[in-house]
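Inspection log for the structure reproduced underneath, given as structure tokens.
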Amino acid sequence: MRKRIALIALCGLTVAAPSAAASARAERALHKAESTLRGHSAKPGADATLALKELAVRLPSLHGRDRTRARRLLERPLTTAGTRSGDVDFTGATHDPPLCSAHFCIHWVDEGADAPPAVSSGGDGVPDYIRTMSQVFEQVHAVENGRLGWRAPRSDGRTGGQGDRVDVYIKDVGSQGIFGYSAPDPGQHGNSQHAYLVMDNDYSRSQFARYANYLAPMQVTAAHEYNHVLQFTYDVFQDSWFMESTAVWAEDVVYPDVNDYLAYLNSWSLMSDVPLTAFDELDQTDPVNLKAYGDAAFARWVDSHYGAGVIRAAWERSTATIPASFAPGAYDAALNAHGSSFFQAFARFAADTAEWRSSAGPFRDGDSALWPDLRRASPRRLAPGSGVLEGRLDHTAYVLADVRPTPDPRIKLVGSLPRGTAGALALVGRVGPEATGRVEVALKRLPRGGGGSVVLARPGRFSRVTAVIVNADSDPNGFSQTTGAWAYANDRQAVRARVSNRFAPLKLTAATPAAGARVSRKARVVLNFSAALDRGSLRSIRLRDSRGKRVRVRVKRSHDGRRVTLVPREPLDPGERYELELGSSIVDRDMNPLAAPARGWTFVTRK
């Protein structure tokens, strides 16, 4: 079980009794795994590994017949024809011996529905298909454990009968719509667990129609599923979206010419307003779960900017973060070593996706011309004074909108998030064609939320300008044993942004009382400005007595935002000197700062 009960209590969440919640979740995991292995999932094959991993870690909460069913699903295929569940058993006796290489042993049957193509040119009874698969897995190992430096998989002892090698079982899983899967062996405890692999017996055109032959699906499935085996070695309790996005990234690193990941980007490009971390653990057939596979785009971005070692480092730090097994925290720990953070990286990533198709843009990826353009939030193009981009955004989500290029010398995006919600604003301009154009990114990070602006010079020179507003917050608010997912502190945050061409400094045009004036104890302070004041600036207007103590006032702003009135909640003291302070953070609605000369003055009350 995930050891997060203390965290949940600390965060003040109300949850069901741990035993009841854990039992219900374990039963759901059992039904989900059975449905997946029988090909009843709405997204066949995509979640077989996650379903079995979830079942493995929930096994202790099952009892009686349910536990027996679960163990049958999790156990490796029998080495001889057996009588257990047909979902996992071989349909015949296994070939003896298996084909073992330096790091893997391939187990298969010679006859029956699970048998691979029998063609063997080696004269030793080993099918060419099996020999090719052995070579593929060694290539995967050479890249993932060798070049990328991932930790060797946890030893399973002699569970597969061949020492420390990883066991791969060949079955007709394609008939269930499954490419392949990996699963932790049942009965283990702790974060680091050993696992085995199951691969399809032929990757035939009849079951895998989009491939010309069996090699490409074999390659990417081997790279993807073996990466899961390595993930289980680091932390079997990690977040599902992190597991899948990393595995999809790994398959493209090992076999960059297959480009299987492209299948996920069409749906991903429509879901920028869905959190990066989204994955419905209660219903893995939820279409939003496709987001997790397309999240490989974020891993690719991190790789291209900080190196592939950061992905590995995030897994290495997974169990040491606070809270543990929390993917944004793992990324944060890995990026800190490079002078960055998850917040900083995600904010820039979101801005970069506005023109990610450009090979000369921030992604600089040779495949980028094949990527779909990201969906814009509105069919209307924003222009100075002509529209507002507003709504609510969950954590690690963002929206884009097209901006009309204008002849203005410069334009700016003015926006805000609630205070305390980390986010960002960006204007992204592309000069030239979509696939080869030069890209400029103007980005303003708002680590504590609030208002801000970002400026783009000479907007008329761009072929396209995009406004981006980002909720880059990832603060956790506890983990629910009921839903099997993290809660986040800053979801459904109100965001607002608009384009402006106003850059004139804000001025104080009139004020009462004037400097040095003598006024009634019931006097009010009235300030008139040249433009509408940003509402957040009201906090920077303060009235203090001669001892420096802040006077309690009620602040009113006129309908047009240009006049601000401070009404003391109690009469002022007689014969007292008061100081009006206008803080340095006062700005108008277009984020133009208050001109320096008018920063404060004093007045005196009559005795």
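Numerical summary
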item	result
Residue list for segment 333-354, filter: in contact (Cβ under 8 Å) with a residue 40 or more places away in the chain, among the small types (Gly, Ala, Ser) and closer than 25 Å to residue 151 by Cβ	345
Selection within segment 171-194 - assigned to a helix (DSSP H, G or I) and either touching a helix residue (DSSP H, G or I) at 6+ places or on another chain (Cβ under 9 Å) or buried (at least 21 other Cβ atoms within 10 Å of the Cβ) (or both)	174, 176
Single residue of segment 115-142 satisfying the filter (surrounded by 18 or more Cβ atoms within 10 Å (Cβ to Cβ) and within 38 Å of the chain's Cα centre (by Cα)) that is nearest to residue 219 (Cα to Cα)	136
Residue match in segment 471-493 (condition: of a type outside the set (A, V, I, L, M), in a loop (DSSP other than H, G, I, E, B), farther than 30 Å from residue 420 by Cα and modelled with pLDDT of 95 or more)	no
Only one of 330, 320 that is small (Gly, Ala, Ser) and in contact (Cβ under 8 Å) with a residue 24 or more places away in the chain	330
Meets criteria (within 26 Å of residue 92 (Cβ to Cβ), in a strand (DSSP E or B) and among the charged types (D, E, K, R)) for residue 156	no
From the options 378, 368, residue that is under 18 Å from residue 495 (Cα atoms) and among the hydroxyl-bearing types (Ser, Thr, Tyr)	378
Which listed residue, of 215, 197, 265, is surrounded by fewer than 23 Cβ atoms within 10 Å (Cβ to Cβ) and under 26 Å from residue 114 (Cα atoms)	215
One residue from 136, 140, 168 being in contact (Cβ under 8 Å) with a residue 60 or more places away in the chain and assigned to a strand (DSSP E or B)	168
Failed item, numbered, when residue 492 is tested on (1) more than 14 Å from the chain's Cα centre (by Cα); (2) buried (at least 16 other Cβ atoms within 10 Å of the Cβ); (3) not hydrophobic (A, V, I, L, M, F, W, C)	(2)
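The values are calculated or read from the model by the stated rules, or taken from the named source; none is laboratory data. This structure is a prediction, so every number in the text was calculated from the model and none was measured. Neighbour counts are summed over all protein chains in view; Cβ atoms, including those assigned to glycine, are modelled from backbone coordinates with ideal geometry.
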